[in-house]
Structure formats: C-alpha cells, structure tokens
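Here's the structure we're looking at; comments come further down.
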Amino acid sequence: MNTANSKKAFELAQNVIPGGVDSPVRAFKSVGGTPIFIEKGEGAYLVDIDGNRYVDFVQSWGPLIFGHCDKTIELAVVDAVTKGLSFGAPTQVETKLASKICDMFDSIDKIRFVSSGTEAVMSAIRLARGYTGRDDILKFEGCYHGHSDSLLVQAGSGAVTFGTPSSPGVPADLTKHTLLAKYNDIDSVKKCFENSKNIACIILEPIAGNMGLVPADEKFLQELRSICDEHETLLIFDEVMSGFRASLKGSQGISNVVPDMVTFGKVIGGGMPVGAFGARLEIMNKLSPDGPVYQAGTLSGNPVAMFAGLASLEKILETKDLYSEFEQKAKRLVEGFKKAANKNGIELQINVRGSMFGFFFNDMPVKNFDDALKSDTDMFAKFHQAMLKEGFYFACSQFETGFICAAITDEMINDCIESAQKVLSEIK
Ligand code: KE4
C-alpha cells in the first residue's frame, strides 16, 4: 500500500502543528506507522491522499452514523450555509433540535448546546457544583470526559481516593477535588463517600468507550443511583459517545437507571462541532442567564451545526430498525474476529452495544481499566496496521471503540472478517 503522500504530508504538518495533528490520538503513536491523511469520505469509505480506500469503522470517532457525505445531512448543511454561517443570536433551529432531544428523555426538561463534548462535560460539572454548592466530583479510572482540568486526573497512590493531575499544566489544587473510583466496583465508590461529604456529582460513561468498549453492569448503575439519592449527589451520564450510538436513547435505551444530567456530542452534530448537556428544570434553571452559574460560547448553537444535527436526528427517527441492524452487523463482525482469533490460538474479548463494538487482545473479560491495561497492545498494533493494508480503518488505539454506520453493508462485514482471518494467521 503506497502512503508516500501521507508520509510527506505528515512531515509538513509536524513543522507547524504539535505532533502534526490537532488531536493526539490521530498521530497513530500507539499503533505505529504514519497516520494516513484523508482526501475525502464516500459513504462507508475513507479515501486517503494516496488514493487508498478504506471501510471506515471510526466515522470521525462516532458522529457519522450515516457514513460520509450523507445526502440528507449534506443538503441541510448547504441550505443552512446559504443563509449565513453564524449570527451569535438565537435561531429557531436551536429550539427545534433542543425540543427533539428533550422530547426523547423524560429526565431532560432543558438542554444547552456548546461546541464540543469537552465543553459539555466541563459545563455540566460546573452546573452540578453550582446546584449542590459542593466542590468535589467523582469519576472513574478509564473513563474519558474530554480535556477540562478537573477531569485530567489519574489515580493517586492506592491509599487515597483523591486524584492527581494526569497532565502537566493541571494544578494539584484543582484535582484535589476529583475523587477516583474503579469502574464496576461499588465498594471503591463507597470509599470515596467516606473520604468526602462534599461530592457534587458522580460522572461516568454508562457505556465506557474510552478504555475500549466496557459497558457498566446494570447492578452497578443501580447502586450508583441509590448512593447519589442517599447523599443528594447528582448522577451525570456522559453519553457524548454512547448517545444515539448504543441505542436511540443511548444507555437509557438499555438500562433502567435514570441520571440527573446527561452530556451529549458527536451524533447530535451530524459531523459538525456540537456538544450539549441537559437535566430537569430545577437544575437547568440555575444556568445563566436564568440562574447564577455562568456558561457561554460564541459558536454555541451554531445554525449550520444545528441543521446538520437536526437532519441526522430526524433521519435516525425515520429509519426503521436502524439500531437492530447496527447491532446485528456489529455482533457478526466481532464474533467473526473472535472465531478467527481462537482458530489461531489468540484470545479475544468482544463487546457490542448497538452500533458500538470493541475487541481486546486479552485472555480475560474486561470489566474495568486495570483489566483493559492487561491487553496485548503490541498485537493490537500489528492487527491495526495489517487491517489498514487490507483496506479497513479501525480506531488507532486498543483503548477506543469502533462503530457501524448505516452505509456499511453485510458484504463489507464479510470481507472484513475474511481479511481478519488472513491477518490473524499471519500475526499470531
Ligand atoms: P470532544 O471534546 O472530543 O468533542 O468530546 C470529549 C469526550 C467526552 N466524553 C466522551 C465519553 C468522549 O468519548 C469524548 C471524546 N471522545 C474521543 C474518542 N475517544 C474523541 C477523539 C479525540 O480525542 O480525538
């Protein structure tokens, strides 16, 4: 596979952009090789600047549920652009998209749009702190919620539950308000509540996609709900990735547990920059300009992005059996991988939730971040690189999630499984 142009482009990019990329994971550091530079998308495919075509199982990390250049979404964007790119003033399309999302969730009376998932989570945390008057927050090892300071936290020494900064530039003074617990481990959560009577919220990915795909146990979610009720702590579901991907209602289409606040992103922007956070009236009324909790954004609710998101959501609601078809394809794909791996003496753990799928080169089921870290990342890297050469584009890290989109056909799934059988027999 010729990637000469991508190699050249990557060299040039690194002269003027840190790491040559605008988001670190794109640099292929954990899988090796040169990141491929994209020329265009076409339905289920990515085409790189050397003319190579790949079936895209990343879809811009989740937003493109109908694949690239979906005509419906494209027309909505083109039409919006002809009326102007941005006004910094209210538009009716914001109300339309907000109403559509609020109508889908009993627990959401109002929603605020922002321009990224990071912004949505950062704002939700501030609102939870403002609403409860408490400073501490609780997150889980292995869950990623964007790069705002309070959430760039790693486990402190085993004894303490308070986190330490996971990045230079984040003051320890800030992260001392962030407690860390173990995913799917309710005792570690109880320990945090013994160490702090000042916890404003628990935030988690109810279907974790940033340590690889690791769904929370239903019992664990129920216990989190009870603990939050007992301590009057808000439960925040970060569904930036799982929203409209795990099911029409994200984790809430699968679990019976209802959070106090939800963050969204990705799919609700249809490929354009959008994030959002929503909750019941008494919480959202605390938000400026109604309430004292400040939050703002020049391009928040950008009309072009709103029309893209609205077109995406309307198409989702109009498409029959969308998620059952996604789930069938996702299951067939990773079960095909597992069968091929086992045939070659390789252990593979697989997970599926709607259009989301994950596979770990690991001989034990993965229930939390410690388990995920035991995966064979070298094997993952070899698989990723080899599948790229076969024309299949997967997330460039063992600790990410793959996606099925509506443009991916059964034939593409069959071809991918066939390639995986070939690759796994070569790399074992
Ligand atoms: P953004 O700021 O990247 O739009 O959203 C942050 C975020 C928040 N919450 C969850 C559950 C997320 O998955 C994300 C972002 N997801 C990653 C993919 N693992 C984005 C890819 C990247 O960082 O380049």
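The values are calculated or read from the model by the stated rules, or taken from the named source; none is laboratory data. All of these numbers come straight from a predicted model, not from anything done at the bench. Cβ sites come from the backbone with ideal geometry, for glycine too, and all protein chains shown count toward neighbours. Quick note on the areas: whole protein, heavy atoms, side chains included, nothing else; ligands and nucleic acids left out. Shrake-Rupley method; radii C 1.70, N 1.55, O 1.52, S 1.80 Å.
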For the range 1-46, report the convex hull volume of the alpha-carbon atoms normalised per residue, in Å³, without decimals. 98
Could you point to the residue in M272, N256, H145 farthest towards the positive end of the range 71-318's charge dipole, with +1 and -1 charges on the Cβ of Lys/Arg and Asp/Glu respectively? M272
Whole-Å semi-axes of the range 280-370's equivalent ellipsoid, largest first, each the root of 5 times a Cα gyration tensor eigenvalue? 41, 21, 12
Hits among lysines - C-alpha to C-alpha of K329 under 17 Å, sequence gap 8 or more where chains match: K320, K338, K339
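Stretch D415-D229 to full length: gain in nm at 0.36 nm per residue minus the Cα-Cα span?
62.1 nm
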Under 1.5 on a/c is rounded, so check that first for the range 276-428, then, if it is not, pick prolate when a/b is larger than b/c and oblate when it is not; a ≥ b ≥ c are the square roots of the alpha carbon gyration tensor eigenvalues. prolate
Tell me the relative contact order for the range 71-318 as a rounded percent, counting alpha carbon contacts under 8 Å between residues six or more apart. 29
In square nanometres, what is one fourth of the surface area of the convex hull spanned by the alpha carbons of the range 71-318? 13.2
Dipole of the chain, positive end: most advanced residue of T82, N368, G169 [Cβ charges, Cα centre]: G169
Given the chain, what percent of its DSSP beta bridges are antiparallel, to the nearest 5? 60
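To the nearest 20 debye, what is the magnitude of the charge dipole of the range 311-428 about its Cα centre, counting +1 on the Cβ of each Lys and Arg and -1 on the Cβ of each Asp and Glu?
For this selection, approximately 200 debye.
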Which residues among the range 80-108 fall inside the zone where the amide N is under 14 Å from a point 7 Å beyond the Cα of L281, along Cα→Cβ? 107-108
Cα-centred dipole magnitude for the range 71-318, charges only on beta-carbon of K, R (+1) and D, E (-1), debye, nearest 20: 380
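Place a +1 charge on the Cβ of each Lys and Arg in the chain and a -1 charge on the Cβ of each Asp and Glu, then give the dipole magnitude about the Cα centre in debye, rounded to the nearest 20.
Charge dipole of the chain: 300 debye, to the nearest 20.
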Per the charge dipole of the range 25-154 (beta-carbon charges, Lys/Arg positive, Asp/Glu negative, Cα centre), the residue among M104, I49, P35 reaching farthest to the positive end is M104
According to the Cα gyration tensor, what semi-axes, each the square root of 5 times an eigenvalue, does the equivalent ellipsoid of the range 80-178 have, listed from largest to smallest in whole Å? 34, 16, 12
So in the range 71-318, what percent of DSSP beta bridges are antiparallel if you round to the nearest 5? 50
Output the pairs from K8/K40; K7/K40; K71/K110; K389/K422 with a Cα-Cα distance over 22 Å in this structure; if there are none, say none. K71/K110
Can you figure out the FRET efficiency of D321 with K96, using R₀ = 30 Å and their beta-carbon distance, to the nearest 0.05? 0.75
May I have the convex hull volume per residue, in Å³, for the Cα set of the chain? 143
Solvent-accessible area per residue for the range 71-318 at a 1.4 Å probe radius, Å²? 40
Angstrom value of the Kirkwood radius, inverse mean 1/r, which spans all Cα pairs in the range 238-279: 10.3
Taking the alpha-carbon centre of each part, the distance from the range 64-98 to the range 303-353 in Å is 25
If every alpha-carbon in the range 34-91 counts as one equal scatterer, what log10 I(q)/I(0) does Debye give at q = 0.20, 0.29, 0.30, 0.31 1/Å? -0.82, -1.13, -1.17, -1.20
